[in-house]
Every structure is written in C-alpha cells, then in structure tokens.
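Asker: This structure is in structure tokens; I'll ask about it shortly.
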Amino acid sequence: MNGLELQNIYVSYGDQWAVEDLSLTVGEKEIVALLGPSGSGKSTLLRAVAGVEPLESGKVLWNGQNFTEMPAHKRGFVLMFQDGQLFPNMSVAKNIAYGIASWPRAEREKRVEELLEIVELPGYGTRRVNELSGGEAQRVALARSLAPRPRLLLLDEPLSALDKALRERLAAFLGETLRASGTPAIFVTHDPEEAEAIADRVETLECGKLR
Ligand code: ADP
C-alpha cells in the first residue's frame, strides 16, 4: 500500500511492553490521531516510527518499502514536539530554514517565505523567536517541520502547552495546513475533541495496544 504501514510492532523498556503487537496504516494523505491517556505508549510509538526507538520486533513500511532498519535521518519523517524546541537565539527565518540548510540559497529563501504565508505569519522572518507568543512559536515550529517537505509528519501533543481557546483555533488551522500541503501525519493527543477536530481517523491506544 501507499503511505505508512506498521506491522506487529513491539517496543519494550526492561521487561515491560510499551507498545505491544501494534499494526496500523496511514494513507499517503491521511491524518490519523492516536488518542490515549498518559503512559499508554503514544510517544514511544511515534519515536519507533521516526526510527529513534529500537523495535523489539515488527516492521515499518513506507510505500511497501521496508524502513525498519533505516536510520532516522534517511526516512524523511519529521517529529514535532509539544514545546516546538525552536532555537531561541535565531530568527524565525533561520529556525524555519534549519532542516533545509543544504538547499541553494534562493530556493531556501523562497521556501521560508512560502511557509511564513502558509502558517499566516508573513513578514515575521526577521523576528527573534523569544519575542513570539506561544501560538506563534508553535506555528513557526510547524513551518520548520514542513520545510523539507517530509513524507510523514509525527506530531507529539503539539498543542498541549497552549491554553484551551488557542488550542481549539490552532487544531483547526493545523488540520487545514496539513491537508493543504498534502502531508500525511500521525497526531498524538490525550484530548478526544482535539483528535476529532484534526484527524480523518482516530485510533485509541490503551496500555500499548490499539483498542
Ligand atoms: P505516552 O506518550 O502515551 O504518555 P509513553 O510512550 O511515554 O506514553 O510511555 C509508555 C510506557 O513506557 C509508560 O509505562 C512509560 O513509563 C514507559 N517509558 C517511556 N519511556 C521510557 C524510558 N525511556 N524508559 C523506561 N520506561 C519508559
């Protein structure tokens, strides 16, 4: 199939399964929410897909190709976290360009401008990151994640540090932005409303297993 296919994934810490016999597909333009309480294995699964958490067994396939042993930086998947993890001393533009530093300058600058439009922060390129509001910073983090045109975006509770009103607005915006750019995503959250607002499909995780 096209897109992501996880086959019987197991991840353990010591003698405990954090993820147990988990199989899941994400279509090439699909946004899947992974919903579950704290400790249910959501972050572990995302890290396993990204290639930064070793699997005990199971397979990660992309467009039918076996990615299980492929190093993280070659997968073309991007992980984005709750707190965006922007570089505080760099400008917004430099942060967005971080993952495309090897692109020719003109192309890189064009891509940054395009992304500033997409996340509705035109003209913000020269601002410093520590001058941004929480919501603006997460939109910059999203732009940075999208810059290299990832095959798949892995979002780990990207809105949960924000207050409720902003979270609701950004949830709708995030869904629209991912659909407009045609980027498939796994979106991790413990909030059922947020999951429904963003995703095409919601999958529920409990104790490392899909329900
Ligand atoms: P979630 O993202 O749903 O909150 P996690 O994937 O962070 O869940 O954790 C799943 C389980 O694995 C939990 O029981 C947690 O305590 C355990 N766990 C997560 N990371 C580690 C680690 N680095 N070492 C040991 N246990 C871990």
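The values are calculated or read from the model by the stated rules, or taken from the named source; none is laboratory data. All values derive from a computational prediction rather than experimental measurement. Backbone-built Cβ (ideal geometry, glycine too); neighbour counts: all protein chains shown. Note: areas computed on protein heavy atoms with side chains; ligands, DNA, RNA excluded. Shrake-Rupley method; radii C 1.70, N 1.55, O 1.52, S 1.80 Å.
Asker: Filter region 26-54 down to residues that are more than 8 Å from the ligand (Cβ to nearest atom) and among the β-branched types (Val, Ile, Thr) and give me whichever is most open to solvent (accessible area, probe 1.4 Å).
Answerer: VAL52
Asker: Of the conditions (1) at pLDDT below 95; (2) within 11 Å of the ligand (Cβ to nearest atom), MET80 clears all except one; give me its number.
Answerer: Just one mismatch for MET80, condition (2).
Asker: If you don't mind, another one. Just the residues that are buried (at least 16 other Cβ atoms within 10 Å of the Cβ), within 22 Å of ARG128 (Cα to Cα) and of a type in the set (D, E, K, R), please, taken from region 65-103.
Answerer: Listed by number, the list holds a single entry, LYS94.
One line per residue, one yes/no per condition, for (1) of a type in the set (A, V, I, L, M); (2) more than 16 Å from the ligand (Cβ to nearest atom); (3) under 21 Å from MET90 (Cα atoms):
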site	(1), (2), (3)
SER133	no, yes, yes
GLU136	no, yes, yes
PRO150	no, yes, no
LEU153	yes, yes, no
ALA171	yes, yes, no
ILE198	yes, yes, no
GLU203	no, no, no
ARG211	no, no, no
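Asker: Just checking, which of SER23, SER57, SER12 is open to solvent by 30 Å² or more (accessible area, probe 1.4 Å), out of contact with any Cys (no Cβ under 8 Å at 6 or more places or on another chain), within 15 Å of the ligand (Cβ to nearest atom) and in contact (Cβ under 8 Å) with a residue 24 or more places away in the chain?
Answerer: It is SER12.
Asker: Then there is this: Checking SER43 against (1) touching an Asp or Glu at 6+ places or on another chain (Cβ under 6 Å); (2) in a strand (DSSP E or B); (3) closer than 24 Å to GLY182 by Cα; (4) not charged (D, E, K, R), which test does it fail?
Answerer: SER43 satisfies every listed condition except (2).
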